[in-house]
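The block underneath contains the structure these notes are about, expressed in structure tokens.
The values are calculated or read from the model by the stated rules, or taken from the named source; none is laboratory data. Just so we're clear, the structure is a prediction, and the values are computed from it rather than from any experiment. Ideal geometry is used to build each Cβ from the backbone, glycine not excepted, and the neighbour counts take in all protein chains shown.
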Amino acid sequence: MAKLNAFLNSVVVQIINPIILLLGAAAFILFIWGVFEFIVNAANETKRQEGRRAIFWGLIGLVIIFGAYGIINVALGTFSLGSYQGTQFVPTSGNSVQVGQ
């Protein structure tokens, strides 16, 4: 079971979290771009509609990203594999594994 915890720790920390961070940043940038387009082009209805769509899809992306993060933590907790908290993966045995060691 210790090998499984170590494997899941490395998968979550080295693969899943950077992907979630990158996709979350992209969704946030899309949202901010939509707000910018909406405000700057207040007189142009077509551009405002494009900004509105960017805001909508940026928010949808953020909801999906936060949902994926939550599902990962629920799955890890459900199968008694621990949970991910910041820079540490905390196994259920109480021993924490520091990232990068």
Review point. Name the residues in region 1-52 that are within 20 Å of residue 71 (Cβ to Cβ) and of a type in the set (Gly, Ala, Ser), would you?
Key: 10, 24, 25, 26, 27
Study note, to complete from the structure: Over region 70-85, the set of residues crowded, with 16+ Cβ neighbours inside 10 Å and either modelled with pLDDT of 85 or more or farther than 18 Å from residue 19 by Cα (or both) is 81, 82
Check your understanding: Hey, among the residues in region 38-53 that are surrounded by 10 or more Cβ atoms within 10 Å (Cβ to Cβ) and of a type in the set (S, T, N, Q), which one's nearest to residue 28 (Cα to Cα)?
Key -> 49
Exercise for review: Name the one entry in 24, 34 that is crowded, with 16+ Cβ neighbours inside 10 Å, among the small types (Gly, Ala, Ser), part of a helix (DSSP H, G or I) and in contact (Cβ under 8 Å) with a residue 40 or more places away in the chain.
Suggested key: 24
Review point. Right, residue 59: in a helix (DSSP H, G or I) and more than 21 Å from the chain's Cα centre (by Cα) or not?
Key: no
